[in-house]
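To start, the structure under review is shown below, and the notes come after it.
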Amino acid sequence: MILAKNLYQKEKLEQKPTRDGYGLALVELGKENKDIVVLGADLTGSTRCDWFRDKFPDRFIQVGIAEQNMMCIAAGLSLVGKIPFASTYSVFCPGRNWDQLRVSVAYNKANVKLTGAHAGVSVGADGATHQGLEDIAIARCLPNMTVLAPCDAIETQKATLAAGRMKGPVYLRFAREPTPVFTTKRTPFRIGQAEVLRKGKDVSIIACGPIVYEALLAAEELSKDGISVRVINNHTIKPIDEEEIIKAAEQTGAIVTGEDHQVMGGLGSVVAEVLSKNEPVPMEMVGVQNRFGESGEPEELMKEFKLTAEDIKKAVIKVIERK
Amino acid sequence: MDTKELEKQANNIRKDLVEMLTEAKSGHSAGSLGMVDVFTALYFGDIVKYDPKKPGWKERDRVVLSNAHICPAWYATMANAGYFPVKELKTLRKLGSRLQGHPDRLKLPYIETSGGSLGQGLSIACGMAYSFFKLDCKKNWVWCLTSDGEHDEGQMWEAAMFAGKNKLFNLTQIMDRNNIQIDGYTEDVMPLEPLKDKYEAFGWHVMDVDGHNMEEIIDACNKSKAIFEKPSLIIAHTIPGKGVDFIEWKYSWHGKAPCAEECKKALDELRTLGGKIKSESE
C-alpha cells in the first residue's frame, strides 16, 4: 500500500483540512467539464468553493442562507443536464434540507452532488449545533445515494473528482480542522472499494474520515505488544464493500469501527449490518455514543469523545478479549 | 384549438379524471378538477412547447408540478395530448403503475421531475430556468404550477427571492388560487394575502386570471412570455372541484375520490354540461 513517508510520525506529516481537497477538485472538474456548477449558501469560503467561484464566476450560484432552496435548485439544474455541487455544512446539508434531498434529489435520482463540510466533533469551538454527527446516517438510508467520507485532503480530492465523473446523487463529507495527509496521489481510490492500508491477522479496524489515521497509529502501537492489526480505510459508506468487511471478519475474527459520527446509523451500524448477516464476530464501535457535541479545542474534544488512537487501542484490546 | 374546442377538450379530460379517480378509489379530486382548464390551456392552447412523440426533444419547454397531488389532472391531460394511452389512466395509484399517487419521473419518463413534498417545485423550476437563461442562453420556457396552500412553506419564498434576484424571465409560475387547503380556507389556516403585493415586492410580474376562462389563461401565459427581466406569476382563481356540482367548493373533497355512484352522477353532469345538453350516451 502506497502511503506517505514517515507515516507514523504525525509531526512530520503535512496537515491539511479535508475540505481543501474539495476546493482543488472543484477547480479541476470545472476545467474538464463546462457542465459543472457550484452552489453556495453563504459559506463559500469555509467550504472552499471560493476557489471555483474565482475561476468560474459564471458557474457559481449564490443562493443565500437557504439550504432547502439550494438543494432543489441543484435538482432543477441537474434535470436539464448540469452537474451541480451544493455545498455547505453537514448540519444544514443533508441536515436541514433532508426532505429536499429525499424527494427532489434521491427519489428523482438527480445527478446532484452535495457536500457536508464541518462534520464531526473535531469542528471544535462552535459547539454541538455546528458539529454534524448524524449526516452519514440520514444520507445513507436513502435509496439511490452514494455516501463518501474521505480520510484526508488528497483522498477528498479524489473522491470529489470521482463524484463529479459518476452519474447519480452523491453525498461527500468533510472535516473542518487540518488533519494529517497520509495518503498520496498514488494511493488507490475507487468508490465502493474499501482499501486495506495495513495488513494484520488478529483484529481489523474499519474506519472512515480522518479517524483512519488514528487507527493506523493505534495499529502501530499495538504491534509493539505483538498484536497484528489490519486497518481498512472505508471511505465509501454506501455502497458498502461487503466483501472486504466479511473477509476481515473471517480472517481476523474481531472488528473495531472508527468514525467521528454517531455510531448509531453511522459506520458502526453499517459494519454491524454486514457482519450480522454474514459473519458475526465480536465488534467494538469507536465513535460518538448517543450524545451531542460541545465546545472545546478539537484535540480536547477528540479525547473527551474517545476518538483518539488511544481509545481505538483500548477498543482493540477489549474486542480481542471477547474473541 | 379555438375556445369552444378547448372547453370541450377540458370537459373530456374531466370525464377521464373522474373515472380514473373512481377506479383508484383514492386521490385528490377537488384540486385536480379545479386545474383542468389551466392544464388544457397549457397543452392544447399552444402554450407549452412539447412533442409527445419526442418526449426527450431538447427544445421542449419544462413543466414542473409543485403541488404534485393534483397529478391526476396532469396525467389525464398528458394522455389526451398523446403521451400515453388514455386507458392507462385506469392504473392510477395501483401497484406497478407508471401513474404513481404522486408523480415519479423514473417510472413515467415524460415528466420532468418527481414530486409530492409541497414547496419544492418552484425551486426546481428556478434551477431549470437559471440553467437555460443564465448558463446556456437557451430559449426553453419553464412553467411551474403551484398551489396557494403550499405558500405556507418557507421554501416557496426562498425560491421567489432567488427568481427575482436572478431576473428569471423565462419562468412562469401559475398558482392555483382555490382558497382551500386540507384544514380549511387558506386565509384561516395561514393568511397568504396580499399575494400580488408580496410577489411584486419580490421582483415578479403578477397577473390575476379567472382560472376557468380559456381566453384569460392563454392571454396571461402569452403576456408572461413578453415580460422582460422578471419572472411572472399568474394567479389563477379557480373553483375546487370545478365542473362537478357536488364537489365544487367543498374542501372535504380535497383528498378523496368519488365512489361508483358519485362517479355516475359526476359523469352525467359533465356529459350534459350541467343539464344544458343531452347526454352523449342518450
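The values are calculated or read from the model by the stated rules, or taken from the named source; none is laboratory data. The structure displayed is predicted, hence computed values, not measured ones. For neighbour counting, all protein chains shown are included, and Cβ atoms are generated from backbone atoms with ideal geometry for every residue, glycine included. Ligands, DNA and RNA are excluded from the accessible area calculation, which covers all protein heavy atoms including side chains. Shrake-Rupley method; radii C 1.70, N 1.55, O 1.52, S 1.80 Å.
Using the structure shown, select from A:158/B:138; B:58/B:225; A:224/A:318; A:167/A:201; A:158/B:165 the pairs with a Cα to Cα distance greater than 27 angstrom.
A:158/B:138; A:167/A:201; A:158/B:165
Accessible surface of residue B:18 in the full protein assembly, 1.4 angstrom probe, to the nearest 10 Å²?
Accessible area, nearest 10 Å²: 0 Å².
If you take the Cα atoms of chain B, find Rg, then find the Kirkwood Rh from the mean of 1/r over all pairs, what is Rg/Rh?
Value, to two decimals: 0.95.
Please list, ordered by chain and number, the residues whose modelled amide H lies under 5 Å from the amide H of residue A:257; skip anything fewer than 5 residues away on the same chain.
HN-HN under 5 Å from residue A:257: A:206, A:284, A:285, A:286.
Accessible area, 1.4 Å probe, largest first: how do A:281, B:86 sort?
If we order A:281, B:86 from most to least accessible, we get B:86, A:281.
Compute the long axis of helix B:154-165 from its Cα atoms, compare it with the longest principal axis of the Cα atoms of chain B, and write down the angle in degrees, 0 to 90, nearest 10.
Taking Cα atoms only, the helix is inclined about 50 degrees.
Keeping the other protein chains in place, figure out the carbon and sulfur percent of the accessible area of the protein assembly as shown, with a 1.4 Å probe.
The C+S portion of the solvent-accessible surface of the protein assembly as shown is 51 percent.
Give the angle, between 0 and 90 degrees and rounded to the nearest 10, that separates the Cα long axis of helix B:3-24 from the longest principal axis of the Cα atoms of chain B.
70
Given a 1.4 Å probe, show me the residues in the range A:92-137 buried by at least 20 Å² of accessible surface when comparing the whole protein assembly to the chain alone.
Output list: A:99, A:100, A:103, A:104, A:107, A:108, A:109.
Kindly sort B:251, B:83 by accessible area of their heavy atoms, largest first, with the probe set to 1.4 Å.
B:251, B:83
Evaluate 2.2 N^0.38 Å with N set to the residue count of the range A:15-180, then give the Cα radius of gyration divided by it.
0.91
Taking the 0 to 90 degree range and rounding to the nearest ten, how far is the long axis of helix A:242-252 tilted relative to the main principal axis of chain A, both from C-alpha atoms?
That helix lies at roughly 20 degrees to the long axis.
Considering only B:161, B:175, B:20, give the residue with the highest GNM mean-square fluctuation for chain B, with springs between Cα atoms whenever their separation is below 10 Å.
Among B:161, B:175, B:20, the largest mean-square fluctuation in the Gaussian network model of chain B belongs to B:161.
Pairs to check: B:198/B:223; B:8/B:167; A:5/A:238; B:87/B:139; B:8/B:265. Give those whose C-alpha atoms are more than 27 Å from each other in this structure.
Among B:198/B:223; B:8/B:167; A:5/A:238; B:87/B:139; B:8/B:265, the Cα-Cα distance tops 27 Å for B:8/B:167; A:5/A:238; B:87/B:139.
What FRET efficiency comes out for residue A:278 versus residue A:318 if R0 is 22 angstrom and r is the Cβ-Cβ distance? Round to the nearest 0.05.
Working from the Cβ atoms, E equals 0.45.
I need the per residue convex hull volume for the protein assembly as shown, using only the alpha carbons, in cubic angstrom as a whole number.
157
Where is the GNM fluctuation largest for chain A (alpha-carbon springs, 10 angstrom cutoff): A:56, A:85, A:305?
Judging by the Gaussian network model, the answer is A:56.
Where only protein heavy atoms count, and the probe is 1.4 Å, what is the accessible area per residue for the protein assembly as shown in Å²?
With all protein chains present, the protein assembly as shown gives 39 Å² per residue.
Give me the summed buried accessible area for the A-B pair, 1.4 Å probe, to the nearest 100 Å².
Counting both chains, the buried surface is close to 2100 Å².
How would you order B:30-40, A:154-164, A:287-297 from highest to lowest mean count of nearby Cβ atoms within 10 Å?
B:30-40, A:154-164, A:287-297
Checking the cross-link filter: which aspartates and glutamates have an alpha carbon closer than 20 Å to that of residue B:54, excluding same-chain neighbours under 8 positions apart?
Leaving aside aspartates and glutamates fewer than 8 places away in the same chain, those within reach of residue B:54 are B:46, B:88, B:104, B:112.
In the range B:157-206, which residues become less accessible by 20 Å² or more once every protein chain is in place, relative to the chain on its own, using a 1.4 Å probe?
Listed by number, the residues meeting the 20 Å² cut-off are B:158, B:162, B:165.
In a Debye calculation with equal point scatterers on the alpha-carbon sites of the range B:1-118 and no solvent, what is log10 I(q)/I(0) at q = 0.14, 0.17, 0.22 Å⁻¹?
-0.52, -0.79, -1.37
Using a Gaussian network for chain A with springs between C-alpha atoms less than 10 Å apart, which of these wobbles most: A:83, A:240, A:227?
Result: A:227 has the largest fluctuation of those listed.
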